[in-house]
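Heads up, the thing below is written out as structure tokens.
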Amino acid sequence: MPTNPSARLTPTTLVLLILPPLMWAGNAVVGRMMQGVVPPLTLNFLRWALALLILLPIAGWVLRPGSPLWPHWRRFALLGLLGVGLYNSLQYLALKTSSPMNVTLVASSTPVWMLLLGRLFFNAPISRRAVLGAVLALTGVAVVLSRGDWEQLLAVQLVPGDAWMLLASLLWAWYSWLLARPRSEPAAIKADWAAFLLAQIVMGLCWSGAMTAGEWWLLPTAQAGSPHLAWGWPLAAGLLFVAVGPSLLAYRCWGAAVSRVGPATASVFSNLTPLFAALMSATLLSEPPRAYHALGFVLIVGGILVSSRS
């Protein structure tokens with residue numbers, strides 16, 4: 001393998017690296033556009049249910065009675081809860097009161113939470129450079145959460161969506177550590193990206209279905225904020241995009257890109273997500289970026305770059 005990852009940044013590899021953050025940014029923007037069309041927990045359930053139907057012809061073997069999935073169902077149930085059931089549900093819930101730019105910028109702090117969780121629960125060492133990077137990234141998050149107003153930050157006045165996204169980022173960091181632990185999944189499943197994703201989706205839909213049922217039970221009447229769907233082309237188009245783009249296309253491209261250039265280089269490209277979200281929000285939602293978004297973006301990316309250097 002080449003020692004310099006940049007030597008492998010061919011046009012094809014660049015497409016593989018850029019498509020996932022583009023899809024993730026689109027997921028945040030579409031999630032914002034779906035507010036009032038479909039409730040957040042229901043949107044997450046329908047998204048993954050449609051993704052499951054698309055994957056069944058490709059990797060349906062993983063659900064057969066003799067599949068290696070079932071002896072490891074507890075692990076996949078936990079992965080499905082964190083990656084399918086909770087993370088995207090909390091993200092869509094966050095978009096009810098927060099903008100796609102805020103949501104994606106807060107989500108960019110995930111490497112910092114991975115650093116802290118690794119030290120606290122997985123005995124992973126933290127270097128001085130990593131501490132400096134974490135401080136920079138957390139400062140960037142603080143700038144975004146305070147909307148550039150430090151007095152507001154000191155008063156701890158957060159939009160509910162920002163708090164939901166902070167929780168989602170923590171859960172995603174935990175999910176990422178579980179994937180990185182030495183206790184791995186069955187080789188036959190891990191070697192097949194579609195089977196690995198389908199195994200998580202099946203388990204995650206059980207959790208997501210329970211949460212969706214609770215959403216409909218708690219708000220059963222047709223009133224503002226109720227879980228009733230606004231059937232039509234906007235709902236169909238939105239569901240098709242989030243099921244194919246962020247769920248399947250981004251997952252496949254990201255796995256292929258990481259295998260080519262490694263996680264360190266790929267993580268730099270993942271921080272294009274807030275930039276793409278800002279451009280899409282300004283175009284589709286008439287939500288232009290503010291100066292504090294730019295400052296937060298620079299601090300978060302700078303912190304991650306500092307902490308990820310050898």
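Readers should treat all values here as calculations from the given coordinates under stated rules, not as data from a laboratory. Note that the structure is a prediction, hence the values are computed from the model and not measured. Neighbour counts run over all protein chains shown; Cβ positions are idealised from the backbone, glycine included.
The phi-based Karplus calculation (6.51 cos²θ - 1.76 cosθ + 1.60; θ = phi - 60°) puts the 3J(HN,Hα) values of the range 199-204 at 4, 6, 5, 4, 5, x Hz, whole numbers, x for Gly and Pro. Ordered by the count of other Cβ atoms within 10 Å of each Cβ, fewest first, Phe121, Phe45 give Phe121, Phe45.
Mind giving me the FRET efficiency for Leu235 and Thr97? R0 is 30 Å, r the Cβ-Cβ distance, nearest 0.05 is fine. Walk me through the intermediate numbers first.
Values: r = 21 Å, r/R0 = 0.70.
The value I calculate is 0.90.
With a Förster radius of 35 Å applied to the beta-carbon distance between Arg290 and Leu167, the computed FRET efficiency rounds to 0.90. Taking 0.36 nm per residue of separation and subtracting the Cα-Cα distance, full extension of the segment from Arg129 to Ala180 would add 16.2 nm. Pro39: net charge of surrounding residues, Cβ under 15 Å, Lys/Arg +1, Asp/Glu -1, itself excluded? So the surrounding residues net to +2. Shape of the range 16-107 from the C-alpha gyration tensor: prolate (a/c of 1.5 or more and a/b above b/c, with a ≥ b ≥ c the square roots of its eigenvalues).
Based on C-alpha pairs under 8 angstrom that are at least 6 apart in sequence, the range 1-104 has a relative contact order of 44 percent.
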